[in-house]
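The values are calculated or read from the model by the stated rules, or taken from the named source; none is laboratory data. Only a predicted model underlies this, so the values are computations on that prediction, with no experimental measurement involved. All Cβ positions, glycine included, derive from the backbone under ideal geometry; neighbour counts span all protein chains shown.
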């Protein structure tokens, strides 16, 4: 028996189905407390699924990674789920280097760079666009 997709599952009382937060600044030691407070506000809505859009976030450091991990833990404890959407190559690289890329649910953007550029930008262990170069 398969588990129904998130959208097909009945909404639990007192919950909202989806909350999205868009981050457009670097998440570093200076901004992490503000980002964490913003994510706490989002979690207070008790979403089934919290999506943090990182497409506009140019960088992340250890304090930002810690903020995302704590948000992930809180969401899981409350029966929800956290997804990170469209992190830049640099942000995704830092998440991998911090060894949290397999812990956090990351939805990668559609790759628009040629494979060689993506690989060079991502560094070792890069995700490479499997489509042939045009």
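A few remarks follow.
- Residue satisfying condition, being surrounded by fewer than 20 Cβ atoms within 10 Å (Cβ to Cβ), at pLDDT 95 or above and in contact with a strand residue (DSSP E or B) (Cβ under 8 Å, 6 or more places away or on another chain), within set 58, 26: 26
- Scanning the range 104-115 for residues that are at pLDDT below 95, in a loop (DSSP other than H, G, I, E, B) and either within 14 Å of the chain's Cα centre (by Cα) or over 17 Å from residue 52 (Cα atoms) (or both) gives 108, 109, 111, 112, 113, 114.
- Selection within the range 79-96: residues that are in a loop (DSSP other than H, G, I, E, B) and over 11 Å from the mean Cα position of the chain (by Cα). The member of this set that is farthest from residue 107 (Cα to Cα) is 79.
- Residues of the range 29-44 classified as within 10 Å of residue 67 (Cβ to Cβ) and outside any helix (DSSP H, G or I), total: 1
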